[in-house]
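Please read the structure below before turning to the comments.
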Amino acid sequence: MRYTLMLADPVPRLPLLTLALALVLSVANAAAQDFPKLKSGLWTSTTTTQGREKGGERPSLLCLDDSVQREMYQMSVGMMAGLCSKHDLKVTGNKVTTDAVCDLGVTKMRSSSVMTLSGDSAYHTEVRASFDPPLKGTPKDSVTVIDGKHVGDCKAGQQPGDMTLPNGQHMNIRNWMSGAKKG
């Protein structure tokens, strides 16, 4: 399976990719990594990136279940295999650390992250990344903080994977992942 990350408009896609990868890392195969999956239901996450001119905190919502977590994990493994020459992941207790070097086509990204899980109902992630060359409108180096927490059941009418992005746009992350797999 081949994954293509389309970066025609990279600034909006990178926060979504960061969110997706953060969630994916927290739900990595429990048997292989021996730590809990995130609780099913509605999750809110707030993403803040230092040095970002517009925005500040960017909240999003995601209706999550085991199948979406599994699909996000499988997609991330495929994306990392196709884009990253290095991806080290280490799980120690409630902490997940990663180091990666990825070729995103228009830039090379080096990143390191630390995710701290609070059981299966909250997480705090700090991602440090550098881009060479920097992307249009973004600094060469960035620090992104993502705080997520379970807020209850998914809303009436929501399907697993339904997401509300920081700009208010609604999408289903499964559809986004299907589009990323093509190409």
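The values are calculated or read from the model by the stated rules, or taken from the named source; none is laboratory data. As the structure is a computational prediction, the values presented were derived from the model and not from experiment. Note that we place each Cβ from the backbone using ideal geometry, even for glycine, and neighbour counts take in every protein chain shown.
Side notes on the structure shown:
- Looking only at region 83-99, and only at residues there that are closer than 19 Å to Asp120 by Cβ and surrounded by 16 or more Cβ atoms within 10 Å (Cβ to Cβ), the one that is nearest to the chain's Cα centre (by Cα): Val96
- Residue in region 56-87 that is nearest to Ala129 (Cα to Cα), counting only those that are of a type in the set (D, E, K, R) and modelled with pLDDT of 85 or more: Lys86
- Each residue in region 44-55 was checked for being in contact with a strand residue (DSSP E or B) (Cβ under 7 Å, 6 or more places away or on another chain) and either at pLDDT below 85 or not polar (S, T, N, Q) (or both), and 3 pass.
- For region 66-82, the criterion of being in contact with a Lys or Arg (Cβ under 7 Å, 6 or more places away or on another chain), surrounded by fewer than 15 Cβ atoms within 10 Å (Cβ to Cβ) and over 30 Å from Gly157 (Cα atoms) is met by at least one residue.
- Scanning region 124-177 for residues that are over 24 Å from Ser67 (Cβ atoms) and of a type in the set (Asp, Glu) yields Glu126, Asp132, Asp141, Asp147.
- In region 127-178, the residues that are within 24 Å of Gly105 (Cα to Cα), surrounded by 11 or more Cβ atoms within 10 Å (Cβ to Cβ) and either modelled with pLDDT under 85 or hydrophobic (A, V, I, L, M, F, W, C) (or both): Val127, Ala129, Phe131, Leu135, Thr138, Pro139, Val143, Ile173, Asn175, Trp176, Met177, Ser178
- Residue within region 19-33 that is modelled with pLDDT of 80 or more, over 14 Å from the mean Cα position of the chain (by Cα), within 26 Å of Val151 (Cα to Cα) and not polar (S, T, N, Q) present: no
- Test: residue in region 124-145 that is within 18 Å of Lys39 (Cα to Cα) and without any contact (Cβ under 8 Å) to a residue 60 or more places away in the chain: yes
- Where Thr125 falls short, out of the listed (1) under 20 Å from Glu57 (Cβ atoms); (2) in contact with a Phe, Trp or Tyr (Cβ under 7 Å, 6 or more places away or on another chain); (3) hydroxyl-bearing (Ser, Thr, Tyr): (2)
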